[in-house]
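Have a look at the structure below, then the notes.
The values are calculated or read from the model by the stated rules, or taken from the named source; none is laboratory data. Just so you know, these numbers come straight off a predicted model, no measurement behind them. Here the Cβ positions follow ideal geometry from the backbone for every residue, glycine too, while neighbour counts run over all protein chains shown.
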Amino acid sequence: MSSGTAGERRTEPRGVTVVGTGLIGTSIALALREHGVDVTLSDPDPASLRLACDLGAGRPLDEADTVAPADLAVIAAPPDVIPRVLRDAQDRGLAHVYTDVASVKVSVLREAERLGCDMATFVPGHPMGGREKHGPGAARADLFLGRSWALCPTAKADPGAVAAVTELARLCGADPLVLDGGAHDRAVALVSHAPHVAASAVAARLLAGDATALALAGQGVRDVTRIAGGDPAMWEEILTHNAAPVARVLGEVAADLAATAEALRGCAEAADDGVDARRPAPVRDLLERGRSGQGRIPGKHGSVRRPEYTVIPVVIPDQPGALGRLFAAAATAGVNIEDVRIEHSPGLPLGVAELYVLPEAVDTLAVALSADGWSVHPGV
């Protein structure tokens, strides 16, 4: 371990063992490797381990590595097995400090206590970054940049262990947030677990859609259902481990949807009777509350009030490297792309990249991209 600048005590790991080379474990390893950390990897699936190593995430853990414990071990495994893997790692003396990445905390802590794990060296964690894809092939070193990383130490946790896991999160580009395990589970039920179920419910309706309906699918339905592409087995495990908080949120969502459906049925019946009832109050109420709630989501760098970005549509060819060239042109113009969304029309050899930039940068970027040969459509 090494300390940071004067006045700020930092505990930077020199050696980290990652147990589990899926999306999260491999992404953590890749982020640490960018900071020169010596990373060893372990996974019961040899193919997953080999791919993670080939990606540069680290080297396979061997017996020689267990002689001298790593500074820190990350247990990147499903909630069901984390306590057993943790106890085994501690019995082997794999590291001085241990953390996990499970998206549920109360059940993991309860079982770890029951198994007799050393809670002084265990600091439960949950990096709030992910993708609908899984496995080491989907891993990215920047997966946690600007994301929150929940730390849920118990009262038994050693302060040095908490400091070590805090620095791990910072090295991965995340913002550490310390909170109680129960508070964590209630929070993720609201912002992660229930939204996944809601997205799955919307996506499940698409099974009944015919080819014509699906051909009309635009970015809206893609945005709403994107996370429904996650691994069902993994999500079933997560949801059952956080059942009560998720059920409460889903019950509230269901009540809102039921009230809206009832209002719309009344609207339709009134229309059939020749009565104008096009503005049912429950519908407007839900839409207004939804817009207000969406506006509370922290934006870039954690700011509660997000800047009002301007969107510049740019036509891009469906060719390898096209998006990279577009970003390079923006960088040459000295303009930061705050966000990007891509609309691609099926059957056409091109798409539209919607570039989100600060309003004062619009003219600069539009002129620079046009001069570089791009088809730019500001104001559309």
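Check off (1) at pLDDT below 95; (2) in contact with a helix residue (DSSP H, G or I) (Cβ under 7 Å, 6 or more places away or on another chain); (3) assigned to a loop (DSSP other than H, G, I, E, B); (4) not hydrophobic (A, V, I, L, M, F, W, C) for Pro153 and give me the number that stays unchecked.
Condition (1) is where Pro153 drops out.
Testing Val188 on (1) in a helix (DSSP H, G or I); (2) at pLDDT below 95; (3) not hydroxyl-bearing (Ser, Thr, Tyr), one condition comes back false. Which one is that?
It is condition (2) that Val188 fails.
Which of the residues belonging to region 213-252 are without any contact (Cβ under 8 Å) to a residue 40 or more places away in the chain and β-branched (Val, Ile, Thr)?
Val221, Val224, Thr225, Thr240
Please go through (1) within 27 Å of the chain's Cα centre (by Cα); (2) part of a loop (DSSP other than H, G, I, E, B); (3) touching a residue at least 12 places away in the same chain (Cβ under 8 Å) for Asp118 and return the number of the only condition it doesn't satisfy.
(1)
Hey, among Pro44, Pro78, which residue is outside any helix (DSSP H, G or I) and in contact (Cβ under 8 Å) with a residue 60 or more places away in the chain?
Pro78
State all residues of region 270-308 that are surrounded by 12 or more Cβ atoms within 10 Å (Cβ to Cβ) and modelled with pLDDT under 60; if no residue qualifies, say none.
Correct list: Ala277, Lys300, Arg306, Pro307.
Between Ala322, Ala353, Ala366, Ala331, which is at pLDDT 80 or above, under 28 Å from Arg170 (Cα atoms) and not assigned by TED's automatic domain parsing to the domain that holds Arg222?
Just a single option satisfies the conditions, and that option is Ala331.
Considering only region 129-159, state which residues are exposed (fewer than 14 other Cβ atoms within 10 Å of the Cβ) and over 22 Å from Asp231 (Cα atoms).
Leu145, Ala155, Lys156, Pro159
Assess whether Thr99 counts as being farther than 25 Å from Trp235 by Cβ and among the hydroxyl-bearing types (Ser, Thr, Tyr).
Taking the combined requirement at face value, the residue does not satisfy it.
At pLDDT 95 or above, buried (at least 24 other Cβ atoms within 10 Å of the Cβ) and either assigned to a loop (DSSP other than H, G, I, E, B) or charged (D, E, K, R) (or both): is that true of Val104 in this structure?
yes
Restricting to region 334-350, name every residue that is more than 14 Å from Tyr309 (Cβ to Cβ) and at pLDDT 80 or above. Can you show your working first?
We begin by selecting, within region 334-350, every residue more than 14 Å from Tyr309 (Cβ to Cβ); these are 334, 342-350.
The answer is Gly334, and nothing else.
Looking only at region 47-64, count every residue that is surrounded by fewer than 21 Cβ atoms within 10 Å (Cβ to Cβ) and assigned to a loop (DSSP other than H, G, I, E, B) and tell me the total.
The number of residues fulfilling the criteria is 4.
Of everything in region 184-233, what is surrounded by 14 or more Cβ atoms within 10 Å (Cβ to Cβ), under 15 Å from the mean Cα position of the chain (by Cα) and acidic (Asp, Glu)? Give them in sequence order.
Across region 184-233, the qualifying residue is only Asp231.
Does region 21-28 contain any residue that is in the same structural domain as Phe122 (by TED's automatic domain parsing), over 22 Å from the mean Cα position of the chain (by Cα) and outside any helix (DSSP H, G or I)? It would help to see each step written out before you state the result.
So in region 21-28, the residues in the same structural domain as Phe122 (by TED's automatic domain parsing) come out as 21-28.
Still in the list and also over 22 Å from the mean Cα position of the chain (by Cα): none.
No - not one qualifying residue is present in region 21-28.
Looking at (1) of a type outside the set (Ser, Thr, Tyr); (2) under 25 Å from Ser148 (Cβ atoms); (3) out of contact with any strand residue (DSSP E or B) (no Cβ under 8 Å at 6 or more places or on another chain), which one does Leu115 not meet, given that it meets all the others?
Only one criterion is unmet by Leu115, namely (2).
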